[in-house]
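Each remark here refers to the structure printed beneath this line.
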């Protein structure tokens, strides 16, 4: 299924780009995101809880940045699964930033999303509405955060003390 949309943020394109490439902020803005861990310069592991029609699923996701053209474009690929592969998610994502004359940035997003397994059994319309609602919630959270913060900052409570298995983990 294809999900796409736009929203505006009252900030410069450079500022919006700095924020959207900050994993600490993404952990706070992505609905259901429980943690994000950087596993390479261009890859992240995330734990995201999604509920659809009374079923809750916790997805272990890997997000790979496949192309960047700062400060206007980020392409990424998301792959992951729920626990025992009860549901599998795959998405190819595009995020564009266009600076408008008013000092506002228009954020455009598009994703080709595939969900199979127990969550994939829901009608396309139900899944699409859920994903669109999550996109709107993300946009609202990101807009609110950027418009009230001057620069991206990792909140102290979001950091986990590094250990061999959790170095680079950010909890929301």
- Task: Could you work out how far apart the two model spin labels at residue 21 and residue 79 are, taking each label as a point 7 Å from the Cα in the direction of the beta carbon, and quote it in nm?
- Result: 2.4
- Message: Which of rounded, prolate or oblate describes the chain when judged by the alpha-carbon gyration tensor and an a/c cut-off of 1.5?
- Response: oblate
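Subtracting the Cα-Cα distance from 0.36 nm times the residue separation, let me have the gained length for residue 90 to residue 67 in nm, one decimal. Before the final figure, lay out each step's value.
Values: separation 23, 0.36 × 23 = 8.28 nm, distance 1.72 nm.
Result: 6.6 nm gained on full extension.
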- Item | Gained length - residue 39 relative to residue 4, 0.36 nm times residue gap less alpha-carbon distance | 9.8 nm
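Using Cβ counts within 10 Å as a stand-in for footprinting exposure, how do 121, 130, 56 rank, fewest first?
Working: 121 14, 130 18, 56 11.
In order of increasing Cβ crowding within 10 Å: 56, 121, 130.
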- When 18, 85 are ranked with the fewest other C-beta atoms within 10 Å first, the list becomes 85, 18
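Per DSSP H run of at least 4 residues, take -39500 (n - 2.57); add these up for the chain, divide by its residues and hand me the 222 nm value, nearest 500 deg cm²/dmol. Present the calculation step by step, with values, prior to reporting the outcome.
Working: 3 runs with 40 residues, N = 172.
It comes out at -7500 deg cm²/dmol, rounded to the nearest 500.
For 104, 78, what's the fewest-to-most ordering of other Cβ within 10 Å of each Cβ? It would help to have the intermediate numbers written out before the result.
Values: 104 15, 78 19.
Listing 104, 78 from fewest to most nearby Cβ atoms yields 104, 78.
If I take every Cα pair under 8 Å that is 6 or more residues apart in the range 2-171, average their sequence separation and divide by the length, what percent do I get for the relative contact order? Write out the running numbers ahead of the final one.
Working: 336 pairs, mean separation 48.5, N = 170.
Once normalised by length, the contact order is 29 percent.
Is the C-alpha gyration tensor of the range 1-52 telling us rounded, prolate or oblate? Criteria: a/c under 1.5 is rounded; beyond that, a/b larger than b/c is prolate, otherwise oblate.
Since a/c reaches 1.5 but b/c is at least a/b, the shape of the range 1-52 is classed as oblate.
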- Return the distance in nm (one decimal) between the two label points of a simple spin-label model at residue 118 and residue 132, each offset 7 Å from Cα along Cα→Cβ. 2.7
- For the chain, modelled as a Gaussian network with Cα springs under 10 Å, which listed residue fluctuates most, 101, 140, 14? 101
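Readers should treat all values here as calculations from the given coordinates under stated rules, not as data from a laboratory. Fair warning: this is a prediction, and the values are worked out from it, not measured in the lab. Here the Cβ is made from the backbone with ideal geometry for all residues, glycine too, and neighbour counts use every protein chain on show.
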